[in-house]
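Values in this text are rule-based calculations from the coordinates and carry no lab data. Because the structure is predicted, anything quoted here is derived from the model rather than measured. Don't worry about glycine lacking a Cβ; one is built from the backbone with ideal geometry, like all the others, and counts go over all protein chains shown.
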Amino acid sequence: MALEAPRFWWRPAGWCAAMLTPVSAVYGRVARRRLVNAPREPVDPPVLCVGNFTVGGSGKTPVAIALARQAMAMGRKPGFLSRGHGGSSSSPGIVDVGRNDARAVGDEPLLLAAHAPVAVSPDRAAAARLLAAQGCDFLIMDDGFQSARILIDHALLVVDARYGIGNGKVLPAGPLRAEARDQLRYADAVLRMGEGREADPVLDMASDAGKPVFAATLRPRGPARFAGRQSLAFAGIGHPDKFFETLRQAGAEVVVARPFPDHHFYAEAELRDLAATARAQSLTLVTTAKDAARLSGGKVPADILGMIEVLEIDAVFEGDRTAERIVRDTLAAWKERGPI
């Protein structure tokens, strides 16, 4: 079941964080030990990891898709590695959008599979071998930076400019998956996503450590079709308010905003409630592509599914050649380490 991130994670550390700090200290030590000592298994193709410092949404998946497009433009055949968070599949497999649904493989793999082959497994090395067998010669790992399961040629950590690293505490006192400095030690570059100043402290740390800092924004695709429309927006992602704001930027009036926990699977009663509210107020039902992936598979009543529109987004890098540089840096590191 999807759980909602505690709100105190994104506020200055208070008594809730203080009570959990002893547990966080233990978690942080384990995370540091894994980053330092984990036996990263090398795989044949180059590996670009798109990760983040914290749990919750930072825009990793649109970034991974944008970098896959760049790799294709450079003559590569990319493939995606994903753990398949929220899915039930336990054995390594290639995502088949015609047969798999989000309950089996997770929502993000379904989004990625529209752009390149996706292998889903907690065993990233096994998944990498599957993609190599498919002819993929450039692997993009969506998340998985902290697991340190395979050798990463280039690690790009995405940080949301509005939320930064929250209260700066490690789980469960805060949203960090490991101490920020420990993570930076194994990162190759940092990407600031969106506008805001909350990420400035970690961006400064990255700059001080000599890590390149890039920037990108999330832009709605086809915003004109939402302009001027009154909407009921709902989303089960890491930061639903980011989606609501993006919809407003597309010109829609968000009359009703309904947030749900990340990776939330909607019950029919919830969807009928959303649809009834939209009908009663003559509102357009709008959700994210990630939520739409969880609504696919034929289990949502057709009358409700037909009401829902999807606002899709793209990651757009600042700097004409930023994406190209990231791909080239990955290839350069791969060539330096040589074949396995």
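Taking a ≥ b ≥ c as the square roots of the eigenvalues of the Cα gyration tensor of the range 54-161, is the shape rounded (a/c under 1.5), prolate (a/b larger than b/c) or oblate? Because its axes are fairly even, with a/c under 1.5, the range 54-161 counts as rounded. Taking amide H as placed 1.01 Å from N in the peptide plane, the amide H of Q230 sits under 5 Å from that of E253, T284, each at least 5 places away or on another chain.
Counting beta carbons within 10 Å around each of K242, K290, K335 and listing the fewest first gives the order K335, K242, K290. For the range 181-199, the residues whose amide N sits under 12 Å from a probe point set 7 Å from the Cα of V36 along the beta carbon direction are 182.
Expressed in nm to one decimal, what extension gain is obtained for the pair R225 and D314 from 0.36 nm per residue of sequence separation less their Cα-Cα distance? If you can, show how the numbers build up before the last one.
On the way: separation 89, 0.36 × 89 = 32.04 nm, distance 1.61 nm.
Residue separation times 0.36 nm, minus the Cα-Cα distance, leaves 30.4 nm.
For the chain, the longest principal axis of the Cα atoms and the long axis of helix 15-37 meet at an angle of about 40 degrees.
Between helix 322-337 and the chain there is an angle of about 40 degrees, using the helix long axis and the longest principal axis of the Cα atoms. Label-to-label distance, S207 versus D96, with points set 7 angstrom from Cα along the beta-carbon direction: 5.1 nm.
In order along the range 57-74, phi translates into HN-Hα couplings of x, 10, x, 4, 5, x, 5, 4, 5, 4, 6, 5, 4, 5, 4, 4, 4, 9 Hz, rounded to whole numbers, per the Karplus curve 6.51 cos²θ - 1.76 cosθ + 1.60 with θ = phi - 60° and x for Gly and Pro.
Provide the gained length on full extension for the span R337 to D123, in nm with one decimal, where the gain is 0.36 nm per separating residue minus the Cα-Cα distance. Full-extension gain reported as 74.9 nm.
Annotation: extensible slack from A133 through T277 equals 47.0 nm (criterion: 0.36 nm per residue apart, minus Cα-Cα distance). Derived scalar couplings between HN and Hα for the range 138-147 equal 7, 9, 10, 9, 7, 6, x, 4, 6, 6 Hz in order, rounded to whole Hz, by the Karplus curve 6.51 cos²θ - 1.76 cosθ + 1.60 (θ = phi - 60°), x for Gly and Pro. Only one of (1) 74, 45, 30; (2) 69, 59, 34; (3) 61, 50, 40 was calculated from the structure for Cα extents along the principal axes in Å, and its label is (3).
Can you give me the relative contact order of the chain as a percent, contacts being Cα pairs under 8 Å and 6 or more apart? It would help to have the intermediate numbers written out before the result.
Details: 728 pairs, mean separation 76.1, N = 340.
The normalised contact order for the chain reaches 22 percent.
The long axis of helix 124-133 is offset from the longest Cα principal axis of the chain by roughly 90 degrees.
If R0 is 41 Å, the Cβ-Cβ spacing of V23 and A267 corresponds to a FRET efficiency of close to 0.80. Phi-derived couplings, Karplus 6.51 cos²θ - 1.76 cosθ + 1.60 at θ = phi - 60°, listed residue by residue for the range 38-48: 4, x, 5, 7, x, 10, 5, x, x, 10, 10 Hz, with x used for Gly and Pro.
For the range 222-311, relative contact order (Cα pairs under 8 Å, six or more residues apart, normalised by length) works out to 33 percent.
Considering only beta bridges that DSSP places wholly inside the chain, some 15 percent are antiparallel.
Applying a threshold of 22 Å to the alpha-carbon distances of K77/K335; K60/K242; K60/K211; K211/K242; K60/K335 flags K211/K242; K60/K335 as lying beyond it. Within straight-line reach of K169, meaning a Cα separation under 18 Å, sit the following aspartates and glutamates at least 8 residues removed in sequence or on another chain: E4, D160, E179, D182, E198, D200, D204.
Here's the list of lysines a cross-link from K299 could span, going by alpha-carbon distance under 26 Å and ignoring same-chain residues fewer than 8 apart: K290. Estimated from helices alone, the mean residue ellipticity of the chain at 222 nm is -10500 deg cm²/dmol (sum of -39500 (n - 2.57) over DSSP H runs with n ≥ 4, per residue). Annotation: amide H of L191 within the under-5 Å range of L157, V158, V159, F214, sequence separation 5 or more or interchain, hydrogens built in the peptide plane. Each of C136, C16, C49 was scored by other Cβ atoms within 10 Å of its Cβ. Listed from fewest to most, they are C16, C136, C49.
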